[in-house]
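Undergrad: Provided herewith is a single structure, encoded as structure tokens, for subsequent inquiry.
The values are calculated or read from the model by the stated rules, or taken from the named source; none is laboratory data. Since the structure is predicted, the reported quantities are computational estimates derived from the model, not experimental observations. Every residue, glycine among them, receives a Cβ derived from its backbone with ideal geometry; neighbour counts consider all protein chains shown.
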Amino acid sequence: MTVTHTPRIAIIGAGPGGLTCARILQQHGISATVYDHEAGPDMRNQGGTLDLHEDNGQIALREAGLLEDFFRLSRPEGQEMRQMDPAGTVLLHHVPEEGESFKPEIDRGQLRDLLLNSLRPGTVRWSHTLSSVEGPAAGPRQLYSADGTTIEADLVIGADGAWSKVRRAVSDATPQYTGVSFLEAWFHDVENEHPEIAALVGQGSAAAADGDRGLFAQRSSGDHIRVYIIQRVPADWIAAAGLTVQDTDGIRTLLLDRYRDWSPNLRRQLTDNDGRYVDRPIHALPVPHAWEHDPTVTLLGDAAHLMPPVGVGVNLAMLDACELALALVHNNTVADAVLAYEKTMLPRAAQMQQLLENGADGLLSTELPNFDHGADADADADDRNDH
């Protein structure tokens, strides 16, 4: 498609990927509108903490002109990591060196606010629930909303997460359950209310696994800790036990039985949480996931290459966003830009998908992590049902 006017770019999803793409485009004088199904930026808790890597996520923030702001907000001490066995014995303790900045942590909410506040007012349109993308591949495309409105665009960018509506315009692929499920538990005011857990986790994260069960705990700012209870179970394991996710006491009893051989200190992470658990079955797209080039629709992040949450998801989404935005800057047509972007993104995503194909099982591995800069020991605490 040859564009003879300023292209109308619609980005679906106001997560880190979509917002990064919009920010970099605006840095180069190109307008884009971001549409999100939520009613506003403060409608829900944005999730736990993320580590943004020097070789992908930080590259995108540098291009967006936000890297120094990121370092101001980030927590380099969050790179601390402890690996334990089920008896609670510390097998490995990584303490970041002074000035280490390969993958400092930042709260998801802080990252989102940083990106949102960098955009021109009105860039993000809230309360827009996409129903479908229609129209010819040559464009223009029509975006049909659940409220009956229609938007016309020359390029639709799907940054709308695991269950992307935009993906349906270019691919029949759907995420499949990996056989591994997370149960999320929250702990607040941990230094005062949960001092034993605070001491166990330290300033970063702590993990333990026995091959079928695991625990992964991460500290975030504001004296909070999130624990991910990781199990190899059917996706409907809670219902199969005759429970609902609202049955906190019943789930606690079940977990205490399943982790009965683990140390009491570790088992506090199962039972001392504040409030209910959050059920997060882990899904992934087929490996590799690709689609026939479409000149007016493309995908980034989880919409393009949903993988197990081992600390790369947001980083890859932001790198995708950066490369797509720059392709739009440096190519004469939208079609050429999309083609150039996908020629780089799809092979990279396929390589990473293949590397992490059994990554969900790796979350339960008893092997010790590698703390070289090319490796990642952190679980991605992203809520993968969101953008």
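Undergrad: For residues that are of a type in the set (Lys, Arg) and at pLDDT 95 or above, tally how many sit in the range 94-148.
TA: Within the range 94-148, the subset of a type in the set (Lys, Arg) is 103, 108, 112, 120, 125, 141.
When the remaining residues are screened for being at pLDDT 95 or above, the result is 112, 120, 125, 141.
Adding up the residues that qualify gives 4.
Undergrad: Another question, then. Look at residue 91 and say whether it is aliphatic (A, V, I, L, M) and surrounded by 21 or more Cβ atoms within 10 Å (Cβ to Cβ). Before the answer, list the steps.
TA: Numbers: aliphatic (A, V, I, L, M): yes; surrounded by 21 or more Cβ atoms within 10 Å (Cβ to Cβ): no.
The answer is no for residue 91.
Undergrad: Please tell me if residue 31 is in contact with a strand residue (DSSP E or B) (Cβ under 6 Å, 6 or more places away or on another chain), on the phi < 0 side of the Ramachandran plot and touching a residue at least 12 places away in the same chain (Cβ under 8 Å). Steps first, please.
TA: On the way: in contact with a strand residue (DSSP E or B) (Cβ under 6 Å, 6 or more places away or on another chain): no; on the phi < 0 side of the Ramachandran plot: yes; touching a residue at least 12 places away in the same chain (Cβ under 8 Å): yes.
Criteria not met by residue 31.
Undergrad: Provide a single number: the residues in the range 185-217 that are among the hydrophobic types (A, V, I, L, M, F, W, C), more than 24 Å from the chain's Cα centre (by Cα) and under 23 Å from residue 261 (Cβ atoms).
TA: From the range 185-217, those among the hydrophobic types (A, V, I, L, M, F, W, C) are 185-187, 190, 197-201, 206-209, 215-217; that's our starting set.
Still in the running and more than 24 Å from the chain's Cα centre (by Cα): 190, 197-200.
Next, only the ones that are under 23 Å from residue 261 (Cβ atoms) stay: 197, 199-200.
Counting residues in the range 185-217 that are among the hydrophobic types (A, V, I, L, M, F, W, C), more than 24 Å from the chain's Cα centre (by Cα) and under 23 Å from residue 261 (Cβ atoms) gives 3.
Undergrad: Look through 207, 217 and report the one residue that is assigned by TED's automatic domain parsing to the domain that holds residue 279, within 17 Å of residue 265 (Cα to Cα) and touching a helix residue (DSSP H, G or I) at 6+ places or on another chain (Cβ under 6 Å). Show your work before the answer.
TA: Details: 207 fails: touching a helix residue (DSSP H, G or I) at 6+ places or on another chain (Cβ under 6 Å).
Every option except 217 fails the conditions.
Undergrad: May I ask you to list the residues in the range 159-183 that are more than 30 Å from residue 244 (Cβ to Cβ), part of a loop (DSSP other than H, G, I, E, B) and among the β-branched types (Val, Ile, Thr)?
TA: Listed by number, the list holds a single entry, 170.
Undergrad: Return the total of residues in the range 268-295 being without any contact (Cβ under 8 Å) to a residue 40 or more places away in the chain and within 23 Å of the chain's Cα centre (by Cα).
TA: Narrowing the range 268-295 to residues without any contact (Cβ under 8 Å) to a residue 40 or more places away in the chain: 271, 276.
Adding the requirement that they be within 23 Å of the chain's Cα centre (by Cα) leaves 276.
Count: 1.
Undergrad: OK, next. With the condition kept exactly as written, say whether any residue in the range 75-86 is surrounded by 19 or more Cβ atoms within 10 Å (Cβ to Cβ), touching a strand residue (DSSP E or B) at 6+ places or on another chain (Cβ under 9 Å), small (Gly, Ala, Ser) and modelled with pLDDT of 95 or more.
TA: no
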